[in-house]
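Structure first, then comments.
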Amino acid sequence: MELIHSDQVFRVAAGSQPDYNRGNTLIRLLGILERQRLACGREQYLSETLEYLFPFDFLELYGPAGGDADQLDVRRQDSKLDFQKQNLRDFRLGDVVLCRGYAAAGGQVVPFLRISYRAGPDSLLSRLSGDRLGSHLKLYLRVGTNPVGQVLDVPYDPASERYALELWSFPAGNLRQQVDGRGRDAIDRGELVVRNDLIQGTRDDFARDGLNDRYLVEVAPNHALHPVLPLHVECAWADASGTFWDSRGGSNHHYEFSMIVRGWENFLAAGISPNPHGGVGFLEYRNLLSNYGRYAGRNELGRDFDAWNFNAHGNKNHAAGRENFFAVDYMDLHILKPECGIGLHRHRDNQEVFLMMQGRAYMIVGDWTRRPWRERAFELRTLRAGHFAMLKGGQLHGLMNPGEEDISLFMFGGYD
């Protein structure tokens, strides 16, 4: 984990507390979500499959409460009973937004990837060009494990006031005949494009009947919406002439859809076990996370830590290292009322799982510290009953119940 020293910690005077009802970062992020626009009308998409990435370049956390108010060094904020120091006060988004999910057209359910770039004068590319960006941008894009990238034209979308490109996998038929009027306009503008070479897969690839005893990591590994494998997106942006580039100094931008979600539809393997443990009948199993057998070495249950992290024994008597197990120090049941949410907050040391038992909610997970292979971003998706999202140390998360009914959660892991 690499701490970002340009992030800030806001001191909260002893005896006072933040007003979370004003400028709440969870509500602010969900407001940004509500303003997102896709190439077609919403009825063209399977809304519960939509996943968004909102890359950010700055965070501000609240400082500790009470007598620790002056301890603004996150490496020394060690009280596990002070939740205030974890909470996110502010963030600043970058120029790019990504979305993936399933779309339905012509009797097919296919994955898509949408990527867009801020068109206003505040974007990096606009500043580099002297605010002279035209009707389209150039985009270098490499998706997943494709060995080479492509340079694509990205038109300006006046409705969203962004440069936007939406790539669909659509292996059979004429897409223009299968989408609504808004989608046809997007095709004519060059915003909606079929690229089966870049976006691969169909929903049928993961039909349950064909998956017995198969290791899902080996099933359609290049699928743009794989249930357990992350999707890596590498990109760089340029003005239409290719004179000015937003490319992180030539190393390009690297984003990743990587939230660890497991459950009835997101599993490592599934099958039938007769006479389980010498019992009668059979059970249908789903392996979700494991260190055993063919899953040994996946390291999803373990965590890496630095010298300033507490280990599983609650001390810092160690150098940087790794634990190959998930340490659990609490288990809770929760009910979350309609229009209520768990705020965005960081975890320095411990892992945590949110398991949705009843209902559905918006789940957000992101990197608080920097991972060398991807840029920091809020990843947002719908968490459905029978599925959980796992947070690693060095990340942040939050959850919102936007519906009209209670939801119930089983939460376990460690305080931070």
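The values are calculated or read from the model by the stated rules, or taken from the named source; none is laboratory data. The structure displayed is predicted, hence computed values, not measured ones. Because the Cβ atoms are built from the backbone with ideal geometry, glycine has one as well, and the counts that use them run over all protein chains shown.
Within region 167-174, identify whether any single residue is of a type in the set (Phe, Trp, Tyr), surrounded by fewer than 19 Cβ atoms within 10 Å (Cβ to Cβ) and either assigned by TED's automatic domain parsing to the domain that holds Asn252 or closer than 27 Å to Glu379 by Cα (or both), and answer yes or no. Looking for residues that are of a type in the set (Phe, Trp, Tyr), surrounded by fewer than 19 Cβ atoms within 10 Å (Cβ to Cβ) and either assigned by TED's automatic domain parsing to the domain that holds Asn252 or closer than 27 Å to Glu379 by Cα (or both), one finds none in region 167-174, hence no. On the stretch given as region 328-378, residues that are within 19 Å of Phe83 (Cα to Cα) and assigned to a loop (DSSP other than H, G, I, E, B) total 9. Identify, please: which residue in region 30-58 is closer than 21 Å to Gly359 by Cβ and either of a type in the set (A, V, I, L, M) or touching a Ser or Thr at 6+ places or on another chain (Cβ under 9 Å) (or both) and is, among those, surrounded by the fewest Cβ atoms within 10 Å (Cβ to Cβ)? Taking the candidates together, the pick is Ser47. Annotation note: Cβ proximity below 9 Å between a residue of region 31-51 that is farther than 15 Å from Arg381 by Cα and a residue that is β-branched (Val, Ile, Thr) (sequence gap 6+ or interchain) occurs for Ala39/Val179; Ala39/Ile187; Cys40/Val179; Gly41/Val179; Gln44/Val179. Within region 204-215, one or more residues are part of a strand (DSSP E or B), over 18 Å from Val110 (Cβ atoms) and of a type outside the set (Ser, Thr, Tyr). Of the residues Glu323, Glu300, Glu284, the single one that is acidic (Asp, Glu), farther than 18 Å from Asp213 by Cβ and without any contact (Cβ under 8 Å) to a residue 24 or more places away in the chain is Glu323. Surrounded by fewer than 18 Cβ atoms within 10 Å (Cβ to Cβ), more than 20 Å from the chain's Cα centre (by Cα) and closer than 30 Å to Arg132 by Cα - does that describe any residue in region 211-232? No, there is no match, as no residue in region 211-232 is surrounded by fewer than 18 Cβ atoms within 10 Å (Cβ to Cβ), more than 20 Å from the chain's Cα centre (by Cα) and closer than 30 Å to Arg132 by Cα. Against the test of being touching a helix residue (DSSP H, G or I) at 6+ places or on another chain (Cβ under 6 Å), in the same structural domain as Cys340 (by TED's automatic domain parsing) and more than 30 Å from Glu265 (Cα to Cα), the options Gln71, Gln77 yield a single qualifying residue, Gln77. It is to be established whether one or more residues within region 222-233 are farther than 30 Å from Gln177 by Cβ, modelled with pLDDT of 95 or more and part of a helix (DSSP H, G or I). No - not one qualifying residue is present in region 222-233.
Inside region 161-192, can you point out the residues that are at pLDDT 95 or above and of a type in the set (S, T, N, Q)? Correct list: Ser169, Gln177, Gln178.
Ala385 meets all of the listed conditions (1) touching a Pro at 6+ places or on another chain (Cβ under 8 Å); (2) free of Cβ contacts under 8 Å to residues at least 40 places away in the same chain but one, namely (1).
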